[in-house]
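We did not get these values from a lab; they are worked out from the coordinates using the rules stated. Predicted model only: the values in this text are computed from it and were never measured. Using ideal geometry, Cβ is built from the backbone for each residue, glycine included, and neighbour counts are taken over all protein chains shown.
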């Protein structure tokens, strides 16, 4: 099966004064469609840096990142923004919804920016809101929703444009246990029903328990890559 | 091509909607900024209308009530100002000019430099001999009387005296005085006149140094047969003055033909630079306000760092983020500015009908050629020009905050 995401000898080095900090070393990965992968590791192990590389939010010092046949490490900033718009979904730790837009508008705007027809946007927004269990909250603004509901809206936003994969950076960190379980169940269901590829960076054991693959990073290197 | 255009305009509706809602995100801050712009524009518009009104009035007073559009003199009179230095063949010249289609009104005057003597004081003055009817048509002299009456048909020597001069000489309507001036033979002639009326023009200097008598009475004293020292002309069109003046000067090279621009250079300067001055005034107000806009938008960008970073991460291009900040600024500034222009316009419309009474400062205003009743006025192009100015300045003010937003690193901003 063709991987949706592939890295080749990925290195990221930061300079801190005269000292070179190797945040990532020789990362070689293949993520296949439908995988529910978590990247774990202690703080400073390079999880966030790797996620930034895989999401096109940062460029590697050396090495390549291939997404659906495109080497995104070669793209300039504007090309990367455009690439993210069309190919990658994001869920952030702090929800990051736009407070002046309704849940429906928060879910729709990426499709708006992609230039999709209004009717398609409306139908798809309703569909994904229903999938995350918020069919009746489309007209509510984020301030009128609970933390869990806001993160569901963020998941719906990430899924709405049917990206190649969804990157989720500590999505449950700000949620209580029950809300986190519900959200993870929803994401797992979407993973199974829609064959959506998820890639998490997390410390949360609840996420790790649901993963089909666990990649452990230590000091910027892959220490283990376990498929379940 | 079409696909490219679609790509460029994709999400424009969303950006406009987001910009509009962002304005009302911090309602207090936006409203205070908009109030400042609104009040600035109301004040600026009204001040500009007052300046324009003052200038228009000054111009009207000077042209319609004093200088007319152009004047003809003999060159020697202008150099030396002595009796006998009249326009050659003055009455024939008057008649032929009156026939010209461009000429609307014309008044032939006799002039003499002399002394006005009251029982207690003496003062130098220019004596203007005028045909009452022609002069009244040309400069509305009778309307400028503040006491007494205009010239009557009586054979008595009547005189109209500037109110300032009357006060100085302690004269009033009905008082008698003596005018003395040299005649054509350079002999000093004197005659007693009765003050028929007191006039006040918008030019205090003129009021302090001018007396009007009837032309035939002055001519008799000058011992000249129908002399014409000055021909004052009003044309049908103000715009045709320069060409007409040039034509006349070419036709009568031995005479001095001067348009109002030469008769009152300060008026010409005011006319040329007046609107620029008032635009500079409004520009300074708007410049001050644009720093308020800059500050407000900078705060808005700093408050929304994470959100802007998130938008960038999710695929909003730099140009779209730039447009979002610009549209937000422009909407806020334009809305407030248009409301300010409208309110200022209403204020001007009302006061231009009722007038603003500045009676308390009448004397001081008259020193500079202004009436005590001010009618503010606005030119038609004002609203358009100010709107353009607001657009340009608010976009410039938004530039720095917008560029700040563009420099945000998406990954850092999300975690900030």
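Quick look at the numbers
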| item | result |
| --- | --- |
| Region A:5-227 - Debye-derived log10 I(q)/I(0), Cα point model, q = 0.09, 0.18 Å⁻¹ | -0.36, -1.33 |
| Debye intensity ratio I(q)/I(0), log10, region A:1-122, q values 0.11, 0.18 Å⁻¹ (C-alpha model) | -0.47, -1.08 |
| Mean Cβ neighbour count within 10 Å, used as a protection proxy, ranking B:31-37, B:107-113 highest first | B:107-113, B:31-37 |
| Ranked by how many other beta carbons lie within 10 Å on average, peptides B:270-276, B:354-360, A:197-203 from highest | A:197-203, B:270-276, B:354-360 |
| Tilt relative to chain A, helix A:118-131 - C-alpha long axis, 0 to 90 degrees, to 10 | 80 degrees |
| For region A:84-186, diffusion coefficient by Stokes-Einstein and Kirkwood Rh (Cα), 25 °C, 0.890 mPa s, µm²/s | 184 µm²/s |
| Pair residue B:188, residue B:358: separation of 7 Å Cα→Cβ label points (nm) | 4.2 nm |
| Ellipticity estimate at 222 nm from DSSP helix runs (n ≥ 4, -39,500 (n - 2.57)) divided over chain A, nearest 500 | -11000 deg cm²/dmol |
| Neighbouring partner chain Cβ atoms per residue of B:303-315, average, 10 Å criterion | 6 |
| Distance from region A:80-108 to region A:170-225 (C-alpha centre basis), Å | 19 Å |
| In Å, descending, principal axis extents of the Cα set of the protein assembly as shown | 130, 52, 45 |
| Mean Cβ count within 10 Å, highest first, over the residues of peptides B:309-315, B:50-56, B:250-256 | B:309-315, B:50-56, B:250-256 |
| Residue-averaged beta-carbon neighbours from other chains (10 angstrom radius) around B:16-23 | 3 |
| Between helix B:381-407 and chain B: long-axis angle, C-alpha atoms, 0 to 90°, nearest 10 | 30 degrees |
| Chain B - share of DSSP beta bridges that are antiparallel (%, nearest 5) | 80 percent |
| Mean shadow area of region B:200-347 over all directions, Cα convex hull, nm² | 17.3 nm² |
| Per-pair calculated FRET efficiency, R0 = 45 Å: residue B:167 and residue B:238 via Cβ, rounded to 0.05 | 0.85 |
| Kirkwood Rh (inverse of mean 1/r, distinct Cα pairs), chain B, angstrom | 26.0 Å |
| Diffusion coefficient, µm² s⁻¹, Stokes-Einstein with Kirkwood Rh over alpha-carbon pairs of region B:86-228 at 10 °C and 1.306 mPa s | 103 µm²/s |
| Folded to 0 to 90 degrees: helix B:12-23 orientation relative to chain B principal axis, Cα | 70 degrees |
